[in-house]
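The values are calculated or read from the model by the stated rules, or taken from the named source; none is laboratory data. What you are looking at is a predicted structure, and each value in this text was computed from that prediction instead of being measured. When we count neighbours, we look across all protein chains shown, and the Cβ atoms used for this are built from the backbone with ideal geometry, even at glycine. Accessible surface areas use protein heavy atoms only, side chains included; no ligands, DNA or RNA. Shrake-Rupley method; radii C 1.70, N 1.55, O 1.52, S 1.80 Å.
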Amino acid sequence: PYGNPDLQAETSVGWDVGFDQQIIRDRLATEVTFFDNNYRNLITFNPSTFVLQNIDSAFTQGVEVAMTSTVTETLSVKSAYTYTETQNRTTDESLLRRPRNKGSVTVVYEPTSRLTTQLQWRVYGSRFDNDFSGSTPTRVSLSGYGIVDIAVTFKASETFDLFARVDNLFDQPYQEVLGYGTLGCAAYGGIKMKI
């Protein structure tokens, strides 16, 4: 009962252009990328009918900026920021579940050639979603959030790497989709084998 025989295939045309620049040789580098994507028949979910439908025309465009600093031979820091503007050209509204602002800071420490540790802070700005808790769906804004992850990799041999990581270290509650939970603090570990 929820199918849509008139649903059209989604198509898109996009481009991106960027540049990398060493500011301080072997110490500080920056990357800048501009991007633009245009969609025809973008497939989306109609909250009123619970049926997939097409958005005739939509776009996403923005800029990504990153900077990498080699502090010492064993310590490096990379920061990144993305600004994304989106629009449904039919309604002039922003597309759902796409934050306008997001960024990250990643610190990598390699005390030896066999041991790599990483600490990363990821931040996402607010974005729009549909709220189905009332009698009719309403457009709402989801709060932004930040998450800290850590990871360690040990090169046991030329063939084997041991790894461990903890995602969402501080057990931050957040939602990517309104009403759907996400993992709290979660730990993983294992062995990678190169053949």
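Phi angles across segment 155-163 convert, under the Karplus curve 6.51 cos²θ - 1.76 cosθ + 1.60 with θ = phi - 60°, into 3J(HN,Hα) values of 7, 6, 7, 5, 9, 10, 10, 9, 9 Hz, Gly and Pro given as x.
If R0 is 30 Å, the Cβ-Cβ spacing of residue 4 and residue 151 corresponds to a FRET efficiency of close to 0.10.
Checking every one of the chymotrypsin sites (Phe, Trp or Tyr not before Pro) in segment 72-135 against DSSP loop status and a limit of 15 other Cβ atoms within 10 Å picks out 132.
A straight chain from residue 65 to residue 15 at 0.36 nm per residue would run longer than the Cα-Cα distance by 16.4 nm. Relative to the 2.2 N^0.38 Å rule of thumb, segment 65-195 has a C-alpha radius of gyration ratio of 1.37. Cut-off 12 Å, label point 7 angstrom out along Cα-to-Cβ of residue 123: give me the residues of segment 167-192 whose amide nitrogen falls inside. Taking a point 7 Å out along Cα→Cβ of residue 123, no residue of segment 167-192 has its backbone N under 12 Å.
Length gained on full extension, residue 185 to residue 114, computed as 0.36 nm times the residue gap minus the Cα-Cα distance: 22.9 nm. Computed over neighbours whose Cβ is under 13 Å from that of residue 91, the net charge equals -1, Lys and Arg +1, Asp and Glu -1.
With all protein chains kept in place, the per residue accessible area of segment 1-82 amounts to 67 square angstrom at a probe of 1.4 angstrom. Between residue 132 and residue 40, residue separation times 0.36 nm minus the direct Cα-Cα distance comes to 30.4 nm.
Summarise the long-distance tail of P(r) for segment 121-193 by giving the % of C-alpha pairs beyond 20 Å. Write down the numbers at each step before the final one.
Details: 1310 of 2628 pairs.
Roughly 50 percent, once rounded to a whole number.
Under a Cβ-only charge scheme (Lys and Arg +1, Asp and Glu -1), can you give me the dipole magnitude of segment 16-88 about the Cα centre, in debye to the nearest 20? Please list the in-between numbers first.
Details: 4 positive and 9 negative charges, 22 e Å.
Result for segment 16-88 is approximately 100 debye, rounded to the nearest 20.
Exactly which trypsin sites (Lys or Arg not before Pro) in segment 1-76 are in a DSSP loop and have at most 11 other Cβ atoms within 10 Å? Counting only loop positions with at most 11 other Cβ atoms within 10 Å, the trypsin sites (Lys or Arg not before Pro) in segment 1-76 are 25. For the chain, with all protein chains in place and a probe radius of 1.4 Å, 55% of the accessible heavy-atom surface sits on carbon or sulfur.
Selection among 63, 77, 49 by position relative to the dipole of segment 1-123 gives 77 as farthest towards the positive end (Cβ unit charges, Cα centre). Most tightly packed first, judged by the mean number of other beta-carbon atoms within 10 Å of their residues, the peptides 149-155, 9-15 read 149-155, 9-15. The GluC sites (Glu not before Pro) of segment 38-127 that meet both conditions, a loop assignment by DSSP and at most 15 other Cβ atoms within 10 Å of the site Cβ, are 73. From the alpha carbon centroid of segment 17-71 to that of segment 116-162 is 17 Å.
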